[in-house]
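Okay, structure first, notes after.
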Amino acid sequence: MRSILYIFLLPLFLFSSFTVKREEKQKTIQNPKIEAEIDRDSIIAYAKQYLGTPYLYAGSNPKKGFDCSGFVSYVYSNFGLTLPRSSSGYKNLGKALKPEDFKVGDILVFYGYKDRTIVGHLGIICEANGMHSKFIHASSGKAQQVTITALDTEHYTKRFYKCIDVLSK
């Protein structure tokens, strides 16, 4: 009786020590290679697809909503660029540009609404014109969505910290 049991268990034991290789489909993420300069207009065209997406604190998913840093990091990740996920990560990032050097695709960094010692908001310049530029951002204000706003509104000029270029090397 034992020998019959061994006859059935031996093949089971032998075959269980081998693993069957399954052909797994590898997901390839298509991100353009970061070149000397990414097409800035493409960034804005991509960002504008999300106009009207609701504001969601800590959101970084277009199906659910964005906060400001979630929106910026999501847009740039589509172009192969990894940026900080929190607005505070932008305080010491990059060199501040002069207003005459602002370009489409540069990131505007703002102090917090109540606290001028912390970074509290971000946006991407979509129309460059120095301190009269317009920017696309996920607004937690009246808009409560991804929207385009003029930089020269009092609310934003008071809070303006710097503008940085994350695209040029």
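The values are calculated or read from the model by the stated rules, or taken from the named source; none is laboratory data. None of the values given here were measured: they were computed from a predicted structure. Every residue, glycine as well, gets a Cβ built from its backbone with ideal geometry; the counts of neighbours run over all protein chains shown. When the accessible area is computed, the model is the full protein with side chains, heavy atoms only, and any ligands, DNA or RNA have been set aside. Shrake-Rupley method; radii C 1.70, N 1.55, O 1.52, S 1.80 Å.
Figure legend. Inter-residue proximity from region 75-87: first residues free of Cβ contacts under 8 Å to residues at least 24 places away in the same chain, second residues open to solvent by 30 Å² or more (accessible area, probe 1.4 Å), beta-carbon distance below 7 Å, spacing 6+ or different chains. Indicated pairs: P84/L93. Within region 121-147, the residues that satisfy the criterion of being buried (at least 18 other Cβ atoms within 10 Å of the Cβ) and in contact with a Lys or Arg (Cβ under 8 Å, 6 or more places away or on another chain) are H121, I125, C126, A128, I136.
Residues in region 116-142 that are in contact with a strand residue (DSSP E or B) (Cβ under 9 Å, 6 or more places away or on another chain), assigned to a loop (DSSP other than H, G, I, E, B) and under 18 Å from G59 (Cα atoms): 3 in all.
Of the residues making up region 70-115, those that are under 17 Å from S168 (Cα atoms), of a type in the set (D, E, K, R), part of a loop (DSSP other than H, G, I, E, B) and open to solvent by 50 Å² or more (accessible area, probe 1.4 Å) are K95, K98, K103. Collect the residues in region 58-69 that are farther than 22 Å from S133 by Cβ and either of a type outside the set (A, V, I, L, M) or crowded, with 16+ Cβ neighbours inside 10 Å (or both), keeping them in residue-number order. Selection gives G59, S60, N61, P62, K63, K64, G65. Residues of region 139-169 that are among the aliphatic types (A, V, I, L, M) and over 18 Å from V104 (Cβ atoms): A143 alone.
Each residue in region 46-57 was checked for being hydrophobic (A, V, I, L, M, F, W, C), open to solvent by 60 Å² or more (accessible area, probe 1.4 Å) and either out of contact with any Ser or Thr (no Cβ under 9 Å at 6 or more places or on another chain) or under 14 Å from V166 (Cβ atoms) (or both), and 1 pass.
Against the definition (closer than 13 Å to S69 by Cβ, aliphatic (A, V, I, L, M) and loosely packed, with under 14 Cβ neighbours inside 10 Å), how does I118 come out, yes or no? Spell out how you get there, then give the answer.
Details: closer than 13 Å to S69 by Cβ: yes; aliphatic (A, V, I, L, M): yes; loosely packed, with under 14 Cβ neighbours inside 10 Å: yes.
When the stated conditions are applied, I118 passes them.
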